[in-house]
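Visitor: Questions regarding the structure given below will be posed in turn.
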Amino acid sequence: MTERDDFAAPAFNHRDPVYLQVVRHFKIGIATGRLSAGQTVPSRRELAAMMKINPNTAQRAYREMEDQGLIVTEGNAPSRITTDEKVLGAIREELITEAIDNFIDSVRQIGVPINELLEKIRSRYESKTAEDKGASS
Amino acid sequence: MIEIDRVTKKFGRKTVLKDVTFTVEKGRITCLIGLNGAGKSTLLKAIMGLMPVSRGQIRIDGQPVSEHLYEKVAFVPDTLTMPPFMTVENCLRFMRDFYDNWNEERAAYLLSFFKLQPADRISSLSKGNAAKLNLLLGLALDTDYLLMDEPFSGIDMFSREQIASVFTSELIEDRGVLLTTHEIDEIEHLIDKAVLLDQGRVIREFWCEEIREKEGKSVMDVMREVYHP
């Protein structure tokens, strides 16, 4: 059974194609473990209702995900998240690269030397992780 | 497909629609966007044959508008037109008696989905509930096309959300929907196609996902470009 919450609607922005935002939402789900390999995905209709999108958009998002090998459909069985390690690994890589690129774009404008930057990232990362731990315990 | 082909409408010397041309496809949600007075409601009335046009043609699946139209197209006007003394139940019975394509099962489903009480009088309905009943009366007809005039106007946000969820469901699937609005923001990601109307003219017609993909623009961005108030 699929949990409804796994597919809850993300906050859509209005400038990127909605179907690509849905695909991205799936990728994040897979990378964070919210969605697991081999898990069944909702039907097109169910997805539209859950994500509050047009059924045509849900259809297009699934087509895109099939093209990218993210979901697989065999015969008449419901579609599933792929179990292909290569594809799953690539998703994680893609999201990490994207986040880093965004970071670099904004930090480069300030002109911080790379060594200073790396040092700052390490200390910031550690203190944030400690904060989160403190908050959750 | 509904084809609006070079439609012009004049009231006396005033031209309210000028050479309006666009299409409404089946299985798609088309949104007619325009400021107040742009000619949106006039156009819907013209499609429904409620108002003769001065020039041009409207075709539904290739046929000119005729009396058979009402089996193919349902119209949800901007206000509920049922008399105030009737109950919700009375309205449903009226529709059942009047229309061959009334779908009882869907009406019952929508009644509970919108949480409407059959015994309530029209005169006692809140604005939101009146809008929901109005929508129910149109949606429960088995038609290929559905026209809605400002379905989101003047109602609270929870009612709006509930009405919006209709657009993500099988209730409108495979039908061609044409709705009008002057506030696009909340439903941007729900619609397939936008037709921008200004002073009786179509100034833009585009597929929303395409404009996002190719130009990185929201429907609002396009509106800001083309409207100069």
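The values are calculated or read from the model by the stated rules, or taken from the named source; none is laboratory data. For clarity, every value in this text was computed on a predicted model and none was experimentally measured. Every residue, glycine as well, gets a Cβ built from its backbone with ideal geometry; the counts of neighbours run over all protein chains shown.
Visitor: For B:SER66, all conditions in the list (1) of a type in the set (S, T, N, Q); (2) touching a Lys or Arg at 6+ places or on another chain (Cβ under 9 Å); (3) closer than 27 Å to B:VAL24 by Cα hold save one; what is the number of the exception?
Guide: Status for B:SER66: all satisfied but (2).
Visitor: Just a yes or no: is a residue in region B:80-101 within 17 Å of B:LYS9 (Cα to Cα) and not in a helix (DSSP H, G or I)?
Guide: no
Visitor: Name the residue that is surrounded by the fewest Cβ atoms within 10 Å (Cβ to Cβ), counting only residues in region B:38-61 that are at positive phi and in contact (Cβ under 8 Å) with a residue 24 or more places away in the chain.
Guide: Out of the qualifying residues, it is B:ASP61.
Visitor: So, restricting to strands (runs of 3 or more DSSP E) that lie completely within region B:137-229, which ones have at least 3 residues that are surrounded by 21 or more Cβ atoms within 10 Å (Cβ to Cβ) and more than 11 Å from every other protein chain (Cβ to nearest Cβ)?
Guide: Result: B:145-149, B:176-181, B:193-198.
Visitor: Determine which member of the set A:ALA58, A:ALA9 is among the hydrophobic types (A, V, I, L, M, F, W, C), surrounded by fewer than 16 Cβ atoms within 10 Å (Cβ to Cβ), in contact with a Lys or Arg (Cβ under 6 Å, 6 or more places away or on another chain) and under 28 Å from B:ILE187 (Cβ atoms).
Guide: A:ALA9
Visitor: Collect the residues in region A:93-116 that are at pLDDT below 90 and in contact with a helix residue (DSSP H, G or I) (Cβ under 7 Å, 6 or more places away or on another chain), keeping them in residue-number order.
Guide: A:VAL107
Visitor: Tally up the residues in region A:24-65 that are within 14 Å of chain B (Cβ to nearest Cβ) and either assigned to a helix (DSSP H, G or I) or β-branched (Val, Ile, Thr) (or both), please.
Guide: Adding up the residues that qualify gives 20.
Visitor: Does B:GLU150 satisfy being at positive phi and modelled with pLDDT of 85 or more?
Guide: So B:GLU150 passes the test.
Visitor: Right, next: When region A:14-45 is examined, which residues are found to be surrounded by fewer than 16 Cβ atoms within 10 Å (Cβ to Cβ), more than 18 Å from B:ASP192 (Cβ to Cβ) and not hydroxyl-bearing (Ser, Thr, Tyr)?
Guide: Residues satisfying the conditions are A:ILE28, A:GLY33, A:ALA37, A:GLY38.
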